[in-house]
Amino acid sequence: MKKYAVITMDVEDWYHTYFPEADVDRSISLLDGLDVALEIMKKENIKGSFFVVAEIAEMLAKKIRAMDEAGHDIGCHNYQHLRPVTMSVEDYRKQLIEAKEKIEEILGHEVIGYRAPSFGIDDDRLNVVRECGFKYDSSKLKPQKSAKYGVLNLEGFQEIFPCIHNDGFFTEFEVSTQKIGDMNMLLGGGYIRMLPWFFMKYMTQKYLDTGKPYVMYIHPIDLSPKAMPKVKGITLDRYLRTHIGRENMVWRFKQVIEMLKKNGYEFVTFAELLKLYPADA
């Protein structure tokens with residue numbers, strides 16, 4: 001069985017990730033973490049899948065077009081960074097159409113990929129994603145014990161390859177998790193940044209030993225060398241989530257890439273994986 005790895009980034013700023021509805025100073029940006037990821041991936045000749053929050057897409061238009069031309073897969077991450085399960089289906093539909101059209105206007109071609117902010121999507125809203133013309137989604141997690149994640153039952157879908165589900169028309173790519181006790185732990189994002197490296201290395205290797213497709217996700221804040229902006233009244237939980245491990249995350253990102261190479265994984269984008277395992281096969 002061939003082994004595939006997809007490096008993904010949710011292209012959002014620090015306030016989208018941790019303070020989506022708070023009144024914070026948005027003039028300070030940590031989006032330079034995107035440049036850090038692109039430089040590392042360029043040196044390794046890796047193309048990835050990037051899901052862009054549409055409200056900042058215009059500001060990043062030149063960069064997004066260059067990424068697209070370089071072979072990266074550009075997808076949509078809503079217009080604002082709001083969890084779909086917190087919105088009515090119709091409000092969600094309006095925002096998703098606006099987001100898709102904005103990114104397509106910048107790129108000059110169809111956008112086929114989507115990921116829900118904070119993976120907060122359910123089956124009803126996934127139907128909206130399909131109806132809006134997307135060809136794939138990457139919001140599926142193994143069951144989580146967290147209220148912020150949505151639940152995708154994927155009724156009518158078949159798992160045609162480990163972690164790849166489709167129904168003949170649309171494909172769902174699972175984000176990598178590793179079981180620990182009675183929970184499934186994400187192998188990307190803040191988890192790989194904040195938890196001890198020896199533990200994350202062990203859990204990642206345990207997953208790679210299965211040979212299943214590996215989907216890593218990160219954010220610009222994880223790789224940005226800039227200091228985290230000060231937020232008045234920040235809770236201890238949010239402070240820890242926005243500060244722990246940021247100084248070592250570039251090294252960890254490179255280490256994961258090396259692990260994937262040593263384990264014989266081939267780096268692809270979701271768009272490429274979609275061609276290898278088409279929904280109508």
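Quick note: the coordinates plus some simple rules give every number you see, no bench work behind them. Since we're looking at a predicted model, the values are computed, not measured. Positions of Cβ are backbone-derived with ideal geometry, glycine not excepted, and every protein chain shown enters the neighbour counts.
Report ³J(HN,Hα) in whole Hz for each residue of segment 42-51, in order, from the Karplus equation J = 6.51 cos²θ - 1.76 cosθ + 1.60 where θ = phi - 60°; Gly and Pro get x.
Here the 3J(HN,Hα) series is 5, 5, 8, 6, 10, 9, x, 10, 10, 9 Hz.
How do ASP25, ASP13, ASP123 rank when sorted from fewest to most other Cβ atoms within 10 Å of their own Cβ?
The order, fewest Cβ neighbours first, is ASP25, ASP123, ASP13.
Putting +1 on Lys and Arg Cβ atoms and -1 on Asp and Glu Cβ atoms, find which of PRO225, PRO196, PHE253 reaches farthest to the positive end of the dipole of segment 165-263.
Of the listed residues, the answer is PRO225.
Using only the Cα atoms of segment 147-261, build the gyration tensor, take square roots of its eigenvalues as a ≥ b ≥ c, and label the shape rounded, prolate or oblate: rounded if a/c is under 1.5, else prolate if a/b is larger than b/c, else oblate.
prolate
Count the DSSP beta bridges whose two residues both fall in segment 4-276, then state the antiparallel fraction as a percent rounded to the nearest 5.
30 percent
Taking only the Cα atoms of the chain, how large is their convex hull per residue, in Å³?
Numbers: hull volume 36.0 nm³, N = 281.
Each residue corresponds to 128 Å³ of Cα convex hull volume.
What nm distance separates the two modelled labels at MET228 and GLU98, each placed 7 Å from Cα along Cα→Cβ?
Taking the simple label geometry, MET228 and GLU98 are separated by 3.0 nm.
For LYS3, enumerate residues with amide H under 5 Å from its amide H, sequence gap 5+ or separate chain, H modeled in the peptide plane.
Correct list: GLU266.
Considering Cα pairs under 8 angstrom that are at least six residues apart, work out the relative contact order of segment 4-276 and quote it in whole percent.
Relative contact order here is 26 percent.
Please give me the summed charge of the neighbours of LYS201: other residues whose Cβ is under 14 Å from its Cβ, Lys and Arg +1, Asp and Glu -1.
+3
Could you compute the FRET efficiency for GLU90 and GLU69, with r as their C-beta to C-beta distance and R0 at 45 Å, rounded to 0.05? Walk me through the numbers before you get to the answer.
On the way: r = 35 Å, r/R0 = 0.79.
That pair, GLU90 with GLU69, gives E of 0.80.
Whole-Hz Karplus ³J(HN,Hα) for segment 85-92, in order, using 6.51 cos²θ - 1.76 cosθ + 1.60 and θ = phi - 60°, x for Gly and Pro?
5, 8, 10, 5, 4, 6, 5, 5
If amide H atoms are built 1.01 Å from N in the plane of the peptide, which residues on other chains or at least 5 residues away come under 5 Å of the amide H of CYS76?
VAL52, GLY113, TYR114, ARG115
For segment 107-252, what's the relative contact order in percent, using C-alpha pairs closer than 8 Å and at least 6 residues apart? Before the final figure, lay out the partial values.
On the way: 181 pairs, mean separation 26.9, N = 146.
It rounds to 18 percent for segment 107-252.
Give me the distance in nm between label points sitting 7 Å out from Cα along the Cα-to-Cβ direction at ASN184 and LYS261, one decimal.
3.0 nm
At what distance in angstrom do the alpha carbon centres of segment 41-73 and segment 187-233 lie from each other?
When both Cα centres are located, 20 Å separates them.
For n ≥ 4 DSSP H runs only, could you compute -39500 (n - 2.57) per run for the chain, divide by its residues and tell me the 222 nm figure to the nearest 500?
After summing the helix terms and dividing by the residues of the chain, the value is -11000 deg cm²/dmol.
Read phi for every residue in segment 66-73 and hand back ³J(HN,Hα) as whole Hz from Karplus 6.51 cos²θ - 1.76 cosθ + 1.60, θ = phi - 60°, with x for Gly and Pro.
For segment 66-73, the Karplus curve yields 5, 4, 4, 5, 7, x, 6, 9 Hz.
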